[in-house]
1. Quick one: net charge of A30's neighbours, Cβ under 10 Å, K/R +1, D/E -1?
2. T32 versus E64, label points 7 Å from Cα toward the beta carbon: distance in nm?
3. With 10 angstrom as the radius, rank R148, R34 by how many other C-beta atoms surround their C-beta, starting from the fewest.
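Derivation of every value follows stated rules applied to the coordinates shown; laboratory data play no part. Just so you know, these numbers come straight off a predicted model, no measurement behind them. Positions of Cβ are backbone-derived with ideal geometry, glycine not excepted, and every protein chain shown enters the neighbour counts.
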Amino acid sequence: MGIVVTEARKKSGAKITAAVALEQNREVFALTGRVDSPASSSTNSLIASQHAKLICSAADILEELSLFSASTTKLPFDLEATESGFKKIDTVDLNEIQKKIVLALNDEIEEISAIHSQTKIEMNILLATLLELELAGKVDSLGEQIYRLAVELDLSKN
């Protein structure tokens, strides 16, 4: 069917994978990243050159592939919805260190060094807490010590 590029540096395997997918007439989707982030340079380039379709949620992909209409699909979530169509994670049960990390991520993809700089949490505690948050489904590890908040789609927001 196709691929989704969520993050790709200038010289990355994801960029090569996207090129191969295009050669095979497969769909290429991309989630835009910060313009000042090297980790997003190829992703943003794929979108700008129209080699990838910009997506904001999984519902965009499913609609593009005609797998369903997002407006008719509802999933039962109990977290507070945002205008973006994503559900924010509930921080009520988090301790202070976990809350600091969640605030540092603030809906962005961050490298461990950026989280450390923002929170001033000792690295060993930071890594352990990120693992706890990941196991609890609050944070996603994207590999190479890059993290983001875990999100749930609110498919009724379209």
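1. Surrounding charge for A30 is 0.
2. Here the answer is 1.4 nm between the modelled labels.
3. The order, fewest Cβ neighbours first, is R34, R148.
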